[in-house]
Amino acid sequence: MAPSHLSVREMREDEKPLVLEMLKAGVKDTENRVALHALTRPPALLLLAAASSGLRFVLASFALALLLPVFLAVAAMKLGLRARWGSLPPPGGLGGPWVAVRGSGDVCGVLALAPGSSAGDGARVTRLSVSRWHRRRGVGRRLLAFAEARARAWAGGMGEPRARLVVPVAVAAWGVAGLLEGCGYQAEGSWGCMGYTLVREFSKEL
């Protein structure tokens with residue numbers, strides 16, 4: 001699909017169920033890889049082993065004592081990711097949520113933006129997902145360009161001396177990270193658990 005066939009506009013209320021499904025599908029694509037990455041780090045393995053050892057004195061089944069901590073940890077991580085990225089945030093100061101539309105009505109991507117947590121932080125992408133049927137066709141790049149334009153306009157309207165956009169990316173989403181680096185973004189920070197990175201943040205001065 002050529003980028004010129006795409007337009008970006010605010011989401012209509014009747015499109016909300018479709019957009020929510022798109023966000024949830026996007027989270028499912030990465031949550032297993034993020035969970036695997038997190039739970040195979042040495043501190044996590046040590047904690048899981050300790051929990052399993054403790055449960056062996058309570059549960060009669062060795063297999064259950066071994067698998068139950070892993071199951072609970074994976075479930076907690078998945079629920080956290082879905083709560084963070086699998087829902088729609090309320091409209092913020094930058095408008096939206098926004099959808100990429102092919103032709104006259106085929107919604108193929110979603111974007112949400114929010115101001116940074118403090119003055120000078122610029123704007124943040126809080127949701128960015130592309131339908132699996134429309135990936136590698138320029139949709140993500142078009143949404144990113146739209147986000148940059150909105151961030152510039154918002155910074156100008158707020159009297160900010162510079163415009164900046166920050167995009168969080170799950171550690172397992174190598175395709176998104178590659179797209180951002182190709183568009184001039186640089187990794188600037190991260191957050192995670194037990195000293196291991198789960199989400200990296202990319203930023204760009206606009």
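The values are calculated or read from the model by the stated rules, or taken from the named source; none is laboratory data. Everything numeric in this text was worked out from a predicted model, so none of it was measured. We place every Cβ from the backbone using ideal geometry, glycine too, and count neighbours over all the protein chains shown. The protein model used for the area step is the full one, side chains on, heavy atoms only, and it has no ligands, DNA or RNA in it. Shrake-Rupley method; radii C 1.70, N 1.55, O 1.52, S 1.80 Å.
Some notes on this structure:
- Computed log10 I(q)/I(0) for region 44-139 at 0.12, 0.19, 0.21, 0.24 Å⁻¹: -0.64, -0.91, -1.03, -1.19, from the Debye equation with unit scatterers placed on every C-alpha and solvent omitted.
- Subtracting the Cα-Cα distance of residue 18 and residue 63 from their residue separation scaled by 0.36 nm leaves 12.2 nm.
- Dipole magnitude (debye, nearest 20) for the chain, charges at Cβ of Lys, Arg, Asp, Glu: 360
- Of 17, 91, 43, the one that fluctuates the most in a GNM where the chain has Cα springs shorter than 10 Å: 17
- For peptides 135-144, 6-15, 158-167, sequence by mean Cβ density within 10 Å, most packed first: 135-144, 158-167, 6-15
- Inter-part distance where region 127-153 and region 57-116 are each reduced to a Cα centre, Å: 19
- Normalised contact order of the chain, rounded percent, pairs of Cα under 8 Å and 6 or more residues apart: 22
- Accessible area in the full protein assembly, largest first, 1.4 Å probe, for 40, 30: 40, 30
- Long-range lysine pairs (8 or more apart or interchain), the chain, Cα under 21 Å: 4
- Counting DSSP beta bridges with both ends in the chain, the antiparallel % (nearest 5): 95
- Neighbours of residue 117 by Cβ distance under 13 Å: Lys/Arg scored +1, Asp/Glu scored -1, total 0.
- Largest GNM mean-square fluctuation among 68, 113, 88, using the chain with Cα springs under 10 Å: 68.
- Of the options [x] 13.4; [y] 30.8; [z] 11.3, only one is mean projected area of the Cα convex hull in nm² as computed from these coordinates, and that is [x].
- Extension gain from residue 9 to residue 181, taking 0.36 nm per residue of separation minus the Cα-Cα distance: 59.4 nm
- Summed over the residues of region 1-205 and divided among them, the accessible surface reaches 54 Å² per residue at a probe radius of 1.4 Å.
- Counting only DSSP beta bridges with both residues in region 91-148, the antiparallel share comes to about 100 percent.
- Region 123-179: Rg to Rh, with Rh as the Kirkwood radius over Cα pairs: 1.03
- Residues residue 188 and residue 153, FRET efficiency given R0 of 30 Å [Cβ-Cβ distance, rounded to 0.05]: 0.85
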